[in-house]
Amino acid sequence: MAIRKSELYSSLWASCDALRGGMDASQYKDYVLVLLFLKYISDKFAGQPYAPLVIPDGSGFADMIALKGKAEIGDRINKQIIAPLVAANQQLSQSDFPDFNDQAKLGSGKELVVRLTDLIAIFETPALNFSRNRADDDDILGDAYEYLMRHFAVESGKSKGQFLTPAEVSRVKAQVLQIDKEDLKSSTTVCDPFCGSGSLLLKVAAQAGRPVTLYGQEKDAATSGLARMNMILHGNPTAIIWQGNTLADPKLK
């Protein structure tokens, strides 16, 4: 039985509470969304042949659970979980992930250990078993990603457009393009030169109804990393997202 969105949303928002106090929303969103991403790919792809992402032995979410309460938990997440995952998957970059041993944000000593242990425990709940999360025509995890992005914008006092193009706007733009009426070929490409977290690219791909090649570029390093993860969460692991200033150094010409 697929999990209910309300359960997923409440669990994810509880994970934000575990990080409050040491940083503002524009910073702790990186940790929560990365934990969401790591839990998802572990549930979906670990041990699966021909999966779009390789989960190296010792780098799955179960291995993160084993680190709970350990004095070096932050450093070991960086070195034992994230580093091997990046090395095994060219779609990912080290810059996509925050520093889980950042004492300025997460605290030092016991505070850091407790904070990361509590955060992992929230994602450990059986209700967040993403191996069985998808209902027919319902991208539960993708919706949760956008739910969090909207709330992070409110928490940080910024427009939600700072983090993502609202789904309604992206949907209208995708329909205006009328890509579903085009004679699409395998070589058809879609590029968003200011892609943010990638929501418009995803809506256009969905509107096409057939596989298209997605490209995007985003100046902000943290946001471009989230866009790459967002592509994978929404079933587009082959999308290419560059980080850089499109006006000064466009990657797709």
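The values are calculated or read from the model by the stated rules, or taken from the named source; none is laboratory data. Bear in mind that the values here come from a model prediction, so they are computed numbers and not experimental data. Every residue, glycine among them, receives a Cβ derived from its backbone with ideal geometry; neighbour counts consider all protein chains shown. To get the accessible areas, we keep the full protein, side chains included, count just its heavy atoms, and leave off ligands, DNA and RNA. Shrake-Rupley method; radii C 1.70, N 1.55, O 1.52, S 1.80 Å.
Quick notes on this structure:
- Full extension of the chain segment joining ALA221 with ARG20 gains 70.1 nm, where the gain is 0.36 nm per residue of separation less the Cα-Cα distance.
- At a probe radius of 1.4 angstrom, the accessible area of the chain per residue rounds to 47 square angstrom.
- Contact order normalised by residue count of the chain, Cα under 8 Å, 6+ apart, percent: 19
- Electrostatic dipole magnitude of segment 10-94 [Cβ: Lys, Arg +1; Asp, Glu -1; Cα centre; debye, to 20]: 60
- In this structure, the amide hydrogen of TRP242, modeled 1.01 Å from its nitrogen in the peptide plane, lies closer than 5 angstrom to those of GLY216, GLN217, GLU218, counting only residues at least 5 positions away or on a different chain.
- Hz values of 3J(HN,Hα) by residue in segment 221-227 - Karplus curve (6.51, -1.76, 1.60), Gly and Pro given as x: 5, 5, 5, 5, x, 5, 5
- Checking the Cα-Cα distances for LYS29/LYS68; LYS105/LYS203; LYS105/LYS219 against a 29 Å cut-off, the pairs over it are LYS105/LYS203.
- Distance violations [Cα-Cα > 25 Å] among LYS5/LYS39; LYS5/LYS110; LYS39/LYS79; LYS5/LYS79: LYS5/LYS110; LYS5/LYS79
- Per-residue extension of 0.36 nm, minus the Cα-Cα distance of GLN90 and ASP143, leaves a gain of 16.5 nm for this segment.
- Rounded to the nearest 10 degrees, the inclination of helix 140-156 to the longest alpha-carbon principal axis of the chain is 70 degrees.
- Taking every DSSP bridge with both residues inside the chain, close to 10 percent are antiparallel.
- C-alpha long axis of helix 199-208 to longest principal axis of the chain, angle in °: 50
- Here, the chain yields an orientationally averaged convex hull projection of 14.0 nm² when only Cα atoms define the hull.
- Across segment 39-110, the relative contact order, built from alpha-carbon pairs under 8 Å that are at least six residues apart, equals 27 percent.
- Principal-axis analysis of the Cα atoms of the chain puts helix 167-177 at an angle of about 20° to the longest axis.
- Among THR189, ASN230, LEU35 - extreme Cα towards positive end, dipole of the chain, charges at beta-carbon: THR189
- Solvent-accessible area, 1.4 Å probe, carbon plus sulfur percent, for the chain: 50
- Residue-level accessible surface for SER199, protein heavy atoms, 1.4 Å, Å²: 0
- When the alpha-carbon atoms of segment 34-129 are used, the pair Rg, Dmax equals 13.1, 40 angstrom.
- Excluding exposed DSSP-loop chymotrypsin sites (Phe, Trp or Tyr not before Pro) (at most 13 other C-beta within 10 Å), longest clean stretch of the chain: 51-193
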